1. Could you tell me what % of all Cα pairs in segment 206-287 have separations over 17 Å?
2. If I stretch the segment between residue 173 and residue 132 completely, what's the gain in nm (0.36 nm per residue apart, minus their alpha carbon distance), one decimal?
3. Taking the 0 to 90 degree range and rounding to the nearest ten, how far is the long axis of helix 345-365 tilted relative to the main principal axis of the chain, both from C-alpha atoms?
4. Report the net charge of residues surrounding residue 52, where surrounding means a beta-carbon distance below 15 angstrom and charges are Lys +1, Arg +1, Asp -1, Glu -1.
5. Using the alpha-carbon atoms, what tilt in degrees (0 to 90, nearest 10) does helix 67-79 show relative to the longest principal axis of the chain?
6. Report the net charge of residues surrounding residue 199, where surrounding means a beta-carbon distance below 12 angstrom and charges are Lys +1, Arg +1, Asp -1, Glu -1.
7. Take residue 286 and residue 269, extend 7 Å from each Cα along the Cα→Cβ direction, and tell me the distance between the two endpoints in nm.
8. Viscosity 1.567 mPa s, temperature 4 °C: what is the translational diffusion coefficient of segment 141-268 from Stokes-Einstein with a Kirkwood Rh over Cα pairs, rounded to a whole number of µm²/s?
Amino acid sequence: MSVSLTGLLGIDWHSARESANALEGGQPLLDDRKLTILRAIVTDYVSMREPVGSRALVERYQLDVSPATVRNDMAVLEEEGYIMQPHTSAGRIPTDKGYRLFVDRLGAVKPLSMAERRAIETFMAGAIDIDDVVRRTVRLLAQITQQVAIVQYPILSGATIRHIEIVTLNPERGLLIVVNSSGKVDQHVVELGGAPDDVIADLRGRLNATLVGLPPAQAVERATSFVDGLPADVRPLAAVVLSALLELVTADPSTRVVVGGVPNLTRFSDQYETTVRPVLEALEEQVVLLRLLGEVAGTGDVTVRIGHENPYEPLRATSVVASGYGTNTDIWANLGVVGPTRMDYPSTMAAVRAVARYVGRFLTEG
């Protein structure tokens, strides 16, 4: 069955030619046909997972040229570093440079269908707090893209304390619960030291009256003089509870990332040494994951790092597709996926962008 490349995925190959034709001695390096062949090689290799030959391209696509002409064009693409021949007598596969040109010439990321957008909204609609939002987001990304998904906890610079609760577990221990305006719930076990219920209730009331409505920075300032104004019988318990409370509200959630979809790596067992093992090792290092996502911090759009473009050397056989999410002021963080360079870039980019935008709206409006 022949397949026309015209208009697929919204790729404007005329614009691609204008942008890609760096001149050397007044002659263009790549013409429309070579760019079309490159796109066909990328598309076939991603879907078939096998090197692509000239005859297959002629049979599958409406190229209107002979296999010999395609072979000549492939030789030029290989000479320019866009494709390579992994084995003698084999077809060609894209290089990092080839994938980069393919991604750069997509023109615009194809939007998800109405059904896909509704599926995202339905999946996320039941989220009850920030932890649940992050868990749902990483599962959703992994399911849609079939890659390993990484989601950074949002930075909630505009969040304020909504409620403080102290739940008695037994006479000696209790649970301090802090809820902020974004719905995030944090908790910490505290030593009650056998304090009477009325003392605990009095402290809870005073904490809420003093700190509710304040952002973390102001809560810390207000707390420094809080204990001095308390009755003597409340001060010992207050010092313990306040220490735990300040630890909760000043913790930096942006240093936390959640990972999902690791079983998706089993599809690439043939690339275990170059792709799977480095990814598994990287997933154990939060700093590495934050660094990968940090490449897109503040951009608000989809960014793709392909192969050797990655800052972390062991992952240079992989690609990272990521985006920031949030409002750029009160809430900001990053999310994305990591997988082999042989990935479906158009669909992956569309999914990452759609999920980032939806989660950003959910956090802002929720």
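1. Values: 2075 of 3321 pairs.
Every Cα pair in segment 206-287 considered, those over 17 Å come to 62 percent.
2. On the way: separation 41, 0.36 × 41 = 14.76 nm, distance 2.70 nm.
Result: 12.1 nm gained on full extension.
3. Tilt relative to the chain: about 20 degrees.
4. Numbers: positive: 34, 39, 49, 55, 60, 71, 92, 342; negative: 44, 50, 59, 73, 78.
Once all neighbours under 15 Å are counted, the net charge is +3.
5. 50
6. Values: positive: 204, 206, 235; negative: 197, 198, 202, 233.
Computed value for this residue: -1.
7. For the pair residue 286/residue 269, the computed spacing is 3.3 nm.
8. Using the Kirkwood radius from Cα pairs, D works out to 79 µm²/s.
Here, each number is a calculation from the coordinates, and none is a lab measurement. The structure presented is a predicted model; accordingly, all values stated were derived computationally and were not measured. Cβ: placed from backbone, ideal geometry, glycine included. Neighbour counts: every protein chain shown.
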